[in-house]
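These notes concern the structure reproduced below.
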């Protein structure tokens, strides 16, 4: 039986919102992508790699958690409740960061150009050697997406993929315009405040499901 359009849209927006809220936190990966954008060096491959890596990890997480829900039905409410608690905690931390904002600094580094292979190797290191990426994509986003079924699950993953692609493209391609903005703590104050409110709202919605 086809799922209502509203359910598909809700799953898409949930995936988009939770991924965007998690990915915009200041970190080494964001600083690296911004730096590559400032240098205008292999920006396209870097953006594609980061977006694809996040999407593949989310897919693994969603379907792994979905399988666990099937084999261990009692685990579903616990995962949903755990996801809600995490979102509440993350939202409060974002609001706390808004009170003491930091700047995202991306130095241009060495003047000599680097090869595409070297840049992609660095991108892989910043992306895959960070343990938080697995907690965020596989465990948290995966457990939330596992609540969806059928086409809604695909819609959720599509939302996460679009959020990752949009954010990294914004950082890489718009680096020249974004660097002065993100170097100002007040910009991160507003961004963290927005992320905090969004995460609290998503946590509340997830809590209702639990």
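The values are calculated or read from the model by the stated rules, or taken from the named source; none is laboratory data. Please read these numbers as outputs of a predicted model, since none were measured by experiment. Here the Cβ positions follow ideal geometry from the backbone for every residue, glycine too, while neighbour counts run over all protein chains shown.
Worth pointing out:
- Exactly one residue out of 52, 20, 13 is without any contact (Cβ under 8 Å) to a residue 60 or more places away in the chain and either outside any loop (DSSP other than H, G, I, E, B) or within 15 Å of residue 125 (Cβ to Cβ) (or both): that is 52.
Every residue, every condition in (1) modelled with pLDDT of 70 or more; (2) surrounded by fewer than 20 Cβ atoms within 10 Å (Cβ to Cβ); (3) part of a loop (DSSP other than H, G, I, E, B), yes or no:
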| site | (1), (2), (3) |
| --- | --- |
| 105 | no, yes, yes |
| 121 | yes, yes, no |
| 127 | yes, no, no |
| 143 | yes, no, no |
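- Residue 89 at pLDDT below 80 and surrounded by fewer than 22 Cβ atoms within 10 Å (Cβ to Cβ): no
- Answer residue from the stretch 36-59, given it is modelled with pLDDT under 85 and surrounded by fewer than 21 Cβ atoms within 10 Å (Cβ to Cβ) and is nearest to residue 128 (Cα to Cα) among those: 41
- Test: residue in the stretch 63-74 that is out of contact with any helix residue (DSSP H, G or I) (no Cβ under 7 Å at 6 or more places or on another chain), surrounded by fewer than 19 Cβ atoms within 10 Å (Cβ to Cβ), within 20 Å of residue 164 (Cα to Cα) and modelled with pLDDT under 85: no
- Being exposed (fewer than 15 other Cβ atoms within 10 Å of the Cβ), at pLDDT below 85 and closer than 21 Å to residue 41 by Cα is a property that residue 185 lacks.
- Checked against (1) in contact (Cβ under 8 Å) with a residue 12 or more places away in the chain; (2) part of a helix (DSSP H, G or I); (3) closer than 25 Å to residue 84 by Cα, residue 171 passes all but condition (3).
- No other residue among 177, 128, 140 is without any contact (Cβ under 8 Å) to a residue 12 or more places away in the chain and either under 16 Å from the mean Cα position of the chain (by Cα) or over 21 Å from residue 54 (Cα atoms) (or both) apart from 177.
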